[in-house]
Amino acid sequence: MLKRAACVFTLLLALMAIAAAQSAPLLKVGAASATIDPPDGTFLAGYDLNRRSSGVHDHLYAKAVVFDDGKTAVALLVLDAISLQYPTVQQIRARAAEQVKGLDLPAERIIAQATHSHCTPDTIGIYGPDETHTGLNEAYMNLLVERAAKVVAEAADSRVPASLACAETVCAGWAVNDSEAAELDNSVTILECKDAQGKTLATLTNFACHPTVLDGDTTKISADWVGAFYAGMAALPGDHLFLQGGIGAWVQPKTPERTLALAERYGQDLAARTLEALKQAKPLETVSIRFAHETFLMPVSNEKFKQMSLAGLTPRDFTGNGVETELAWFAIGPAQFATHPGETAPMFTRETKALMQSGPRFVLGLGLDHLGYICPVRFFDAPKSIPYAEYQIGMSPSREAGSSMMAALKAIIPGRP
């Protein structure tokens with residue numbers, strides 16, 4: 001009788017295990033990439049007016065990863081671009097949602113981010129031939145939208161069963177905060193996606209530093225040190241996405257020289273640290289996807305922003321008291337991601353990670369939008385006492401931008417899973 005009861009109990013345990021395995025979400029992941037190099041003569045962004053491209057040093061990319069747990073899908077798209085304005089993001093999302101077949105991936109669950117290299121085309125409109133003419137190239141913007149949408153669709157189409165693992169490390173020494181040296185986050189958070197055979201499909205590496213080793217004298221197209229990071233990550237198969245972090249408050253690379261060699265050294269260093277950390281990556285035990293987003297009006301009081309619209313430099317309307325923007329949060333099991341709509345100071349990274357509380361936490365700077373610098377209030381109160389604060393508040397939508405962003409994030413981040 002005891003043996004029979006034991007057998008029945010063992011059988012029940014086995015059936016329960018099978019049922020649990022069958023009910024557990026089966027994650028599928030797909031990845032894809034495409035080049036987005038502009039033609040020679042394109043206006044470049046980030047430094048002087050009338051700076052035009054004169055060839056390609058390293059390719060610019062649009063890279064996408066799609067995650068699908070069988071109930072919810074989300075896409076993460078990264079472009080080597082100075083900026084993705086919200087209207088451009090909306091165009092990309094709409095085109096991608098049209099092209100994705102056989103998967104419920106609505107436009108709002110496509111999260112786009114720019115890496116912010118200053119040797120990429122003007123995608124804002126303020127770096128044209130002079131102060132009164134836009135630097136936007138309509139043909140290039142159309143190419144950007146179409147290729148970005150295409151890689152999302154290709155990533156969705158290439159989905160296969162996958163497992164995820166996370167790793168964390170630090171990359172210190174060359175990324176510094178020139179405004180407030182003590183306010184710095186040199187952490188590196190990494191997500192690796194592998195197929196059923198253990199082959200890497202994609203990696204996501206989140207780190208905060210301007211890609212600005214190269215200066216305004218450089219006219220070759222380049223992702224700056226991010227391009228060298230891509231090259232270093234080629235030691236693994238798959239697509240490798242660099243996820244820019246909170247780079248406001250002048251989080252810059254040290255630049256004793258403004259050379260391609262230095263950019264390559266920094267990018268290779270981050271790649272080496274990432275690859276080393278992945279040797280100790282810990283698997284994610286759960287992979288259920290959760291998602292939330294919020295559109296809101298970002299306060300705009302900066303007259304420069306208003307003049308940009310009035311001069312026709314940008315198609316975006318900054319003439320009112322606020323401009324529509326969006327934030328998103330999503331989680332894959334314990335790994336959490338939150339966007340910031342601009343170049344945000346490290347204090348906002350810290351506050352956002354505190355809201356997410358636990359698990360691997362990714363802060364996506366310049367995510368879904370780029371509304372210039374989002375600064376601490378103290379930058380407005382004492383701009384002359386903080387290096388580069390005057391420039392940053394001059395390129396910030398408003399004093400209230402930081403508090404408005406954090407209020408919206410608090411509304412959508414649920415905290416501990």
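Every number here is computed from the coordinates shown, using simple stated rules; none is lab data. Values in this document were obtained by computation on a predicted structure and should not be read as measured data. Here Cβ is always computed from backbone atoms with ideal geometry, including for glycine, and neighbour counts include all displayed protein chains.
Below, the figures for the structure above:
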{"quantity": "Charge-dipole axis of the chain as Lys and Arg at +1 and Asp and Glu at -1 on Cβ define it, positive-most pick from Ala235, Ile82, Gly41", "calculated": "Ala235"}
{"quantity": "Fluctuation leader among Ser403, Ser179, Ser385 - the chain, Gaussian network, Cα springs under 10 angstrom", "calculated": "Ser385"}
{"quantity": "Charge context of Pro341, other residues only, Cβ under 13 angstrom, K/R +1, D/E -1", "calculated": "-4"}
{"quantity": "Pairwise FRET efficiency - Thr219 versus Ala411, Cβ, R0 = 56 Å, nearest 0.05", "calculated": "0.80"}
{"quantity": "Contact order normalised by residue count of region 275-412, Cα under 8 Å, 6+ apart, percent", "calculated": "26"}
{"quantity": "Nearby lysines by direct alpha-carbon distance to Lys71 (threshold 28 angstrom, same-chain neighbours under 8 apart not counted)", "calculated": "Lys28, Lys63, Lys101, Lys150, Lys194, Lys199, Lys282, Lys353, Lys410"}
{"quantity": "Estimated vicinal HN-Hα couplings, Hz - region 247-264 in sequence order (Karplus 6.51, -1.76, 1.60; Gly, Pro = x)", "calculated": "10, x, 6, 6, 7, 10, x, 5, 10, x, 8, 10, 10, 4, 4, 5, 4, 5"}
{"quantity": "In sequence order, calculated HN-Hα J values of region 266-271 (Karplus, 6.51, -1.76, 1.60; Hz; x Gly/Pro)", "calculated": "5, x, 5, 5, 4, 4"}
{"quantity": "Length added when fully stretched, Thr35-His293, from 0.36 nm per residue minus Cα-Cα", "calculated": "90.0 nm"}
{"quantity": "Cβ-placed point charges (K, R +1; D, E -1), dipole of region 265-417 about Cα centre in debye, nearest 20", "calculated": "480"}
{"quantity": "Cut-off under 5 Å, modelled amide H: who pairs with Ile36 long-range", "calculated": "Leu60, Tyr61, Ala62"}
{"quantity": "Charge tally in the Cβ shell below 9 Å around Lys353, where Lys, Arg are +1 and Asp, Glu are -1, Lys353 excluded", "calculated": "0"}
{"quantity": "Cβ-derived FRET efficiency at R0 22 Å, Asp195 paired with Ala231, nearest 0.05", "calculated": "0.45"}
{"quantity": "Dipole-positive endmost among Ala182, Ser222, Val160 within the chain (Cβ charges, Cα centre)", "calculated": "Val160"}
{"quantity": "Listed residues Thr42, Thr132, Thr212, most fluctuating in the chain (Gaussian network, C-alpha, under 10 Å)", "calculated": "Thr132"}
{"quantity": "Virtual paramagnetic centre 7 Å along Cα→Cβ of Arg350, amide N under 16 Å, in region 220-264", "calculated": "246-251"}
{"quantity": "Which label in [x] 54, 27, 20; [y] 38, 23, 22; [z] 37, 28, 19 gives the computed semi-axes √(5λ) of the Cα gyration tensor in Å", "calculated": "[y]"}
{"quantity": "Length-normalised contact order for region 28-417 - Cα pairs under 8 Å, 6+ apart - percent", "calculated": "18"}
{"quantity": "Among Ala338, Ala292, Ala382, residue whose mean-square fluctuation peaks in a GNM of the chain (springs only between Cα atoms under 10 Å)", "calculated": "Ala382"}
{"quantity": "Cβ-defined net charge surrounding Gly70, 15 Å radius [Lys, Arg +1; Asp, Glu -1]", "calculated": "+2"}
{"quantity": "Residues in region 67-103 reached by a label modelled at Ser158 [backbone nitrogen below 16 Å; 7 Å Cα→Cβ]", "calculated": "67-68, 75-79, 100-101"}
{"quantity": "Inter-site label distance for Leu310 and Ser403 at 7 Å from Cα along Cβ, in nm", "calculated": "2.7"}
{"quantity": "Backbone N under 11 Å from the Lys282 label point (7 Å along Cα→Cβ), restricted to region 332-367", "calculated": "359-360"}
{"quantity": "Label-point separation in nm, Ala94 to Arg378, each point 7 Å along Cα→Cβ", "calculated": "4.3"}
{"quantity": "Positive dipole terminus of the chain, leading residue within Leu278, Ile386, Gly342 (C-beta point charges)", "calculated": "Leu278"}
{"quantity": "DSSP-assigned coil residues among trypsin sites (Lys or Arg not before Pro) in region 249-280, each with at most 15 further Cβ atoms within 10 Å", "calculated": "Lys254, Arg258, Lys279"}
{"quantity": "Region 213-302, dipole about Cα centre (Lys/Arg Cβ +1, Asp/Glu Cβ -1), debye to the nearest 20", "calculated": "200"}
{"quantity": "Net dipole in debye of region 273-363 [+1 Lys, Arg Cβ; -1 Asp, Glu Cβ; about Cα centre; nearest 20]", "calculated": "360"}
